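Working notes, structure below.
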Amino acid sequence: MNAHPLAAKSDGVDWGVSSYGIPALWKQWQGEGVTVAVLDTGIAPHYALDEVVVDYRNFTSDGDLYDSVGHGTHVAGTIGAKTGNAKGIAPKVKMHSLKVLGHSGMGSNDAVAEAVRYATEIGCDIICMSLGSSRPDDHLHQAIKDAHDKGVVVVCAAGNDGGAVNYPAAFKETIAVGAVDKSGQVCEFSSRGKEIVVAAPGADITSTWLNNGYATISGTSMAAPFVAGVLAL
């Protein structure tokens, strides 16, 4: 799960984008007109995300509007980086950075619920949440129900403890995403259970990072934005 910063190079795609045949789809569609809300640690300024991220909101007690962890920036790049080492799946989407996890990587269910409601109110098409808890929260569940009722697609990472699917992914109104590796096998860390809707690449995923950099990390947190990007296409 450790990050390994990489030097910038000419445009490329990560193994998941390549092996799932995504680049061939770009001749027809690249996600134009689709808006995706990324509820995470925020998104850091990055040259590959310039003009892709159109809104930054902070729902945490952190003073910093932007990502200081790297996690949310990695998620955002998987969805829609328009250039660089690892081009995103839908490079012409518009993203809203809704920071719900602070510099510790932790956050509150109330903050997540508030961000879900905000994303719903402004008309986002897709909400991507690479976060989770072992316990359900009624307030958050209601916000997700309301989003679902209004046609918002809610994509959530299943969890990385190899056990039961975490919340909010376990709520029936979401698309719970598990992780597979390069051979198509379920990653050992991926949570599993009947709530899983789909699995996507989640092992050794390269994407955008802090300071205009790149990093290669693993988790269902990497698989969820892959699905969000595919849905945007």
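The values are calculated or read from the model by the stated rules, or taken from the named source; none is laboratory data. Being a predicted model, the structure only gives us computed values, none of them experimental. Here the Cβ positions follow ideal geometry from the backbone for every residue, glycine too, while neighbour counts run over all protein chains shown. SASA here: full protein model, heavy atoms, side chains in, ligands and nucleic acids out. Shrake-Rupley method; radii C 1.70, N 1.55, O 1.52, S 1.80 Å.
Data table
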read-out: Fraction of accessible area attributable to carbon and sulfur, the stretch 81-173 (%, probe 1.4 Å); value: 46
read-out: Principal axis dimensions, the chain - Cα atoms, whole angstrom, descending; value: 46, 37, 35
read-out: Segment SER134-LYS182, extension gain: residue separation times 0.36 nm, minus the distance between their alpha carbons; value: 14.5 nm
read-out: Rg ratio (alpha-carbon, reference 2.2 N^0.38 Å) - the stretch 89-196; value: 1.07
read-out: Per-selection metrics, the stretch 92-136 (Cα): Rg and Dmax in Å; value: 11.4, 35
read-out: Rounded D (µm²/s) - the stretch 168-233, Kirkwood Rh over Cα pairs, Stokes-Einstein at 20 °C, 1.002 mPa s; value: 173
read-out: Distance (nanometres) between label positions extended 7 Å along Cα→Cβ at ASN211 and LYS172; value: 4.8
read-out: Sites matching trypsin sites (Lys or Arg not before Pro) across the stretch 177-233 that sit in DSSP coil, with at most 14 neighbouring C-beta atoms within 10 Å; value: LYS182, LYS194
read-out: Pairs beyond 18 Å (Cα-Cα), from LYS145/LYS172; LYS150/LYS172; LYS82/LYS182; value: LYS82/LYS182
read-out: Kirkwood hydrodynamic radius of the stretch 19-154, Cα pairs, Å; value: 15.1
read-out: For the stretch 4-121, with +1 on Lys and Arg beta carbons and -1 on Asp and Glu, the positive-most of GLY63, ALA86, PRO23 along the dipole; value: PRO23
read-out: For the chain: accessible area per residue (Å², 1.4 Å); value: 42
read-out: Helix-only [θ]222 nm of the chain, DSSP H runs n ≥ 4, -39500 (n - 2.57) each, per residue, nearest 500; value: -7000 deg cm²/dmol
read-out: For the stretch 120-132, Karplus couplings with θ = phi - 60° (6.51, -1.76, 1.60), whole Hz, Gly/Pro x; value: 5, 4, 8, x, 5, 7, 9, 10, 10, 10, 9, 8, x
read-out: Principal axis box of the stretch 37-97, alpha-carbon based, largest edge first, Å; value: 32, 18, 16
